[in-house]
Each structure stands twice: as structure tokens, then as C-alpha cells.
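K.L.:
Structure incoming, see below.
The values are calculated or read from the model by the stated rules, or taken from the named source; none is laboratory data. The structure presented is a predicted model; accordingly, all values stated were derived computationally and were not measured. Because the Cβ atoms are built from the backbone with ideal geometry, glycine has one as well, and the counts that use them run over all protein chains shown. Calculation scope for accessible area: heavy atoms of the full protein, side chains included, ligands and nucleic acids excluded. Shrake-Rupley method; radii C 1.70, N 1.55, O 1.52, S 1.80 Å.
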Amino acid sequence: MHMWFWFGNNLGDFLLPGYNVVTTSSFFCTCLSLLILAILYEGMKVLQIKLQQNTVIFTQKQSPRVSENSCLLSTISSKSIRTQLSLHCIRWFAWSFQVFHWFIHTFLGYLLMLAVMTYNVYINIAIVLGSCLGYWIFGYIIIELTIKQFYERQKLLDCNKECADNINHQRHAPAVSVMAEQLVTEAVVEVHMPRDV
């Protein structure tokens, strides 16, 4: 096993026993496959953000409104119980799909990391090139989704003058600085959120 960067196309057993990469054509196919997997890894980030946003939207729309009358025993019917059970099943299915997606995304990331750890220059170039292509294709979408989510959270703010000045300052800042300050603003959102939302 090499502990430094090296050139060559004879990898021997690559990642799995029995997957021998000894010919130039198998080496080229392996590099091409890793390039595609790196692009897929970047694309899965977009899907993860959309899954999280859809789960939040669905949970907000379907969350039961608690009132005085809703606690009365006479308002409970078999139809409302079936509705609650079906909503619970849909939430469970959506959450399970999100967990499965996270599993695949994490597994793919570790697989790419192990391929990089072979220290083969061509393998590393293929993975970095695939990541760059993936970011070129999907990076703008990730930035748009993050900024959209950021501004939707700001709509929930119940601001005083100091908080409103802070938001106006952030809206005129570049997108990168808005994303960098997102964690700080999320803490502000949590503190200033209305109780009835």
C-alpha cells in the first residue's frame, strides 16, 4: 500500500477483494466511475436540502391546531383518528426516506474518501474533477435553496427596530456572507419567533 502520491494504472485489489484493476481499460472505467460518483455526491446534497424543506412544510401544514374544543372527548371521531394515523404513517415514511438518503450519501462520501486514500494521482484527479463538475452543476441550486430558506425564516421574525436594522443590513450583503451568518441569525430567529406559529 502506497503512503505517498504515485502514478500508475495497476491498482491491484481496489476497495473490495476480487475487484482487480490491472489493465488500462479497467483503470479508465474505474476513474470514470469515480468521477460520476463524485458528481452524484454533489447532486445528492440538493436532494437532501429539498427533502428537509418538504418535511418541514408538510409538518407545518399537517400539525394539529390545539384549541379548547379539540381537547373535548366528544370531538374525537373515528375519521379524525384515521386521519391522524395516516398522517403519522406519511411522516414516518418521509422520515425513513430521509434517513435512507442520508445513509447512501454518507456511504458514498466514505467510499470516495477511501478511493482518495489510495494516493493514486489519476484517481484523485478524477474525484476532484467530478466534485468540481458536480459543484458547477448543483452549487448554484444549493446556494439558491439555502438563501430561500434563510429569507423564509426571516419572514417569521417579530422584530424590534434593532432586529429589523440587522435584517436590512444582511439583505444587502453578498450571498456568501448571508450564508456565513445564517447560524447566528437562526439563533435570533429562535429567540424572536412568535409563540402561536
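K.L.:
Take the range 97-123 and flag every residue that is open to solvent by 20 Å² or more (accessible area, probe 1.4 Å), closer than 14 Å to T30 by Cα, assigned to a helix (DSSP H, G or I) and touching a residue at least 60 places away in the same chain (Cβ under 8 Å).
P.N.:
L111, L114, V121, Y122
K.L.:
Limited to the range 54-95, what total is found for residues that are closer than 30 Å to I142 by Cβ, modelled with pLDDT of 60 or more, open to solvent by less than 80 Å² (accessible area, probe 1.4 Å) and not hydrophobic (A, V, I, L, M, F, W, C)?
P.N.:
Total satisfying the criteria: 4.
K.L.:
Mind checking whether some residue in the range 167-184 is open to solvent by less than 80 Å² (accessible area, probe 1.4 Å), modelled with pLDDT of 75 or more and charged (D, E, K, R)?
P.N.:
Checking the range 167-184: not a single residue is open to solvent by less than 80 Å² (accessible area, probe 1.4 Å), modelled with pLDDT of 75 or more and charged (D, E, K, R).
Per-residue answers, yes or no, for (1) in a helix (DSSP H, G or I); (2) open to solvent by 90 Å² or more (accessible area, probe 1.4 Å); (3) farther than 26 Å from W102 by Cβ:
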position	(1), (2), (3)
M3	no, yes, yes
P17	no, yes, yes
F27	yes, no, yes
C31	yes, no, yes
Q52	yes, no, no
